[in-house]
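Where a number appears in this text, it was derived from the coordinates with a stated rule and is not lab data. Predicted model, so just to flag it, every value in this text is computed and none were measured. Glycine gets a Cβ as well: all are built from the backbone with ideal geometry, and neighbour counts include every protein chain shown.
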Amino acid sequence: MKPGNLLTSDGQKAIFTRNILNDTGDATGNLSRMPDAGGIGGSGVLAVFTFQAIAPGACMVTFSELTARNSKLLPIQAGIPQASVLIK
């Protein structure tokens with residue numbers, strides 16, 4: 001898991017933390033702009049997730065929680081993505 005380029009597309013830095021628990025298959029991450037950097041508009045990649053398969057089969061990649069906030073730190077509605085993955 002690493003940050004994409006959306007939050008830094010105007011040259012500002014972003015704060016990114018992560019905690020990956022390989023034994024349980026869980027990961028948490030936090031991505032935000034620096035304080036006083038203001039908001040950002042447009043489109044781009046927010047985060048990149050890379051997985052390593054351990055066996056063939058099907059699985060779902062899901063987010064149990066996703067909170068997006070605007071430049072005033074107020075929550076904004078965002079769909080929770082999920083993907084079906086088939087490992088051969």
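Considering only G4, Q52, I20, whose Cα is most displaced toward the positive end of the charge dipole of the chain, charges sitting on Cβ of Lys, Arg (+1) and Asp, Glu (-1)?
My answer, from the dipole projection, is G4.
Scale the Cα Rg of the chain by the rule-of-thumb value 2.2 N^0.38 Å and send over the ratio, two decimals.
1.25
Pairs of Cα atoms under 8 Å, at least six residues apart: use those to get the relative contact order of the chain, whole percent. Walk me through the numbers before you get to the answer.
Working: 120 pairs, mean separation 23.9, N = 88.
That works out to 27 percent.
Run the reach check for K88 against lysines, Cα to Cα strictly under 28 Å, same-chain hits fewer than 8 apart removed. What comes back?
K2
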